[in-house]
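Only one structure is covered here, and it is reproduced in the block below.
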Amino acid sequence: MLIGRKKMGTYAVEIQRLSIQLMGAIVQGLGLCPMHLQEKLGAGLQFMALNNYPQGSSRAGDTVGLAPHSDIGFITILLQSSPGLEVTHHDDGGVWTPVPAIPGALHVHLGDHLEVLSNGRLRSLLHRAILNTDEERISIASIHGAAIDEKVGCAEELVDERHPRMYRESSFHDFLDFLPTNVKAYRRFVETLKIDSA
Ligand SMILES: O=C(O)CCC(=O)C(=O)O
Ligand SMILES: [Fe+2]
């Protein structure tokens with residue numbers, strides 16, 4: 001499948017617009033002032049991954065195309081050409097749930113920096129991609145976060161005596177520095193930011 005450069009550009013702009021709307025609603029839902037993210041997201045980073053997976057063999061069972069991980073950033077908006085994306089909840093013992101591929105539907109999940117910003121009220125989502133045994137598969141993941149060197153910490157409004165600060169602040173750059181150290185036993189980046197895990 002060929003995606004024209006112009007179409008991709010339009011898609012990127014529209015998805016960025018959508019991410020700001022969604023983040024506005026999320027920030028409001030957390031009881032934070034909408035201005036809170038205006039500066040962070042307005043001048044923020046949009047990172048797009050265009051993933052192309054080969055067709056999987058039906059004899060091999062579930063072949064992992066992209067290993068389990070959570071995304072950095074606040075939210076990820078993802079479009080998939082066919083089924084393959086799977087998610088797991090933190091407390092269900094590693095059971096993977098497939099995300100249906102509904103034509104034209106966008107899948108949205110939360111990233112590590114939203115978990116930090118919300119001081120743990122929201123959790124980032126562990127997900128992976130399985131090879132589709134019927135066809136080659138394409139997904140476009142658009143990750144929306146703060147600028148590369150901008151430190152993201154817990155929102156002050158969400159820190160009090162009953163809710164002590166749970167995470168150290170970090171930037172996207174810090175995440176990139178962490179990546180090469182996270183090869184053998186995978187940990188969500190956000191786990192390494194927990195103040196009591198230092
Ligand atoms: O291919 C998928 O469905 C997942 C892609 C993904 O998780 C990513 O690019 O971060
Ligand atoms: Fe991802």
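The values are calculated or read from the model by the stated rules, or taken from the named source; none is laboratory data. These numbers come from a predicted model, not from an experiment. With ideal geometry, Cβ positions are generated from the backbone for all residues, glycine too; neighbour counts draw on all protein chains shown.
Of everything in the stretch 185-198 that's modelled with pLDDT under 95 and charged (D, E, K, R), which residue is surrounded by the fewest Cβ atoms within 10 Å (Cβ to Cβ)? Result: D196. If the condition is being assigned to a strand (DSSP E or B), within 14 Å of ligand 2 (Cβ to nearest atom) and among the small types (G, A, S), then the stretch 113-172 contributes A129, S139, A141, S142, G145.
Based on what the data block shows, is H109 within 16 Å of ligand 2 (Cβ to nearest atom) and under 18 Å from L37 (Cα atoms)? Can you show your working first?
Details: within 16 Å of ligand 2 (Cβ to nearest atom): yes; under 18 Å from L37 (Cα atoms): yes.
Judged against the criteria, H109 is a match.
Every condition in (1) within 27 Å of G94 (Cβ to Cβ); (2) free of Cβ contacts under 8 Å to residues at least 24 places away in the same chain; (3) part of a loop (DSSP other than H, G, I, E, B) is met by E191 except one, and the failing one is (3).
Inspect the stretch 55-71 for any residue being within 13 Å of ligand 2 (Cβ to nearest atom), crowded, with 16+ Cβ neighbours inside 10 Å and in a loop (DSSP other than H, G, I, E, B) and give the result as yes or no. Checked against the condition, which is being within 13 Å of ligand 2 (Cβ to nearest atom), crowded, with 16+ Cβ neighbours inside 10 Å and in a loop (DSSP other than H, G, I, E, B), the stretch 55-71 yields at least one hit. For the stretch 136-171, the set of residues classified as within 14 Å of ligand 1 (Cβ to nearest atom), crowded, with 16+ Cβ neighbours inside 10 Å and over 18 Å from M23 (Cα atoms) consists of R137, I138, S139, I140, listed by residue number.
Residues in the stretch 173-184 that are surrounded by fewer than 20 Cβ atoms within 10 Å (Cβ to Cβ), under 19 Å from the mean Cα position of the chain (by Cα) and part of a helix (DSSP H, G or I): H173, D174, L176, D177, F178, L179, P180.
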